[in-house]
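The structure under discussion appears below in the form of structure tokens.
The values are calculated or read from the model by the stated rules, or taken from the named source; none is laboratory data. Since the model is a prediction, treat every value here as computed from it, not as a measurement. For neighbour counting, all protein chains shown are included, and Cβ atoms are generated from backbone atoms with ideal geometry for every residue, glycine included. Ligands, DNA and RNA are stripped out before the accessible areas are found, and what is left, the full protein with its side chains, is counted by its heavy atoms. Shrake-Rupley method; radii C 1.70, N 1.55, O 1.52, S 1.80 Å.
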Amino acid sequence: SQAFLWTFLVELWMITPLVSLILLAGFNNIPDDIIEASTLETNSWIQRFWYIELPYLRPYLALGSMLIIVNVFDIFDMPWSLTNGGPIDATSFISIEIDERAFRAFDIQGAMSATVISLVIVLIISMLIYQFVYKQVETLD
């Protein structure tokens, strides 16, 4: 539904400044001599970005994507304050489901299980991102 989409976009809008700051730090850590040499080698800024700058930004992109993934699994306050779970659970994210299971249905074991499962999912996704970035950075050196 559109309520889910707009709630997700509001949350994405809230984390965008942090990810932008991380990427700015990544751009500032690219050595100037490499940028200068790539400017002399090619006229295309697309090739320079794709082959020179993007490999240096991979660790920063990984950190930003991990923060976005953690934020997606941690969404509670914005959907709750905007829609209170939404019309017919349209904006009911996993954190809202955990809250309702724990404090409304008094199913603490079910809420703890859902929390541990979401933690494991976040850890697996973060480890996959880390492994992908580590292999890419290893080939850079």
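Brief remarks follow.
- Per-residue SASA remark: W80, around 70 Å² accessible (1.4 Å probe; ligands, DNA and RNA not included).
- Top positive-direction residue, dipole computed over the range 44-141 with Cβ charges, set P59, M127, F49: F49
- When all protein chains stay in place and ligands, DNA and RNA are ignored, the 1.4 Å accessible-area order of S38, S81, largest first, is S81, S38.
- Per-residue surface analysis assigns D32 an accessible area of about 120 Å², computed on protein heavy atoms at 1.4 Å probe radius.
- The residues neighbouring S113, those whose beta-carbon lies less than 13 Å from its own, together hold a net charge of -1 under the Lys/Arg +1, Asp/Glu -1 convention.
- Protection proxy ranking for 61-70, 22-31, using the average of other Cβ atoms within 10 Å per residue and placing the highest first: 61-70, 22-31.
- Computed on the Cα trace of the chain, the radius of gyration divided by the Kirkwood hydrodynamic radius gives Rg/Rh = 1.13.
- Crossing angle, helix 2-28 versus the chain [Cα axis fit, 0-90 degrees, rounded to tens]: 30 degrees
- Alpha-carbon centroid distance for the pair the range 1-35 / the range 41-55, whole angstrom: 20 Å
- Charge dipole magnitude, Cβ of K and R +1, D and E -1 - the chain, Cα centre, debye nearest 20: 220 debye
- Cα coordinate range in the range 24-91, projected on the principal axes (Å, largest first): 58, 20, 14
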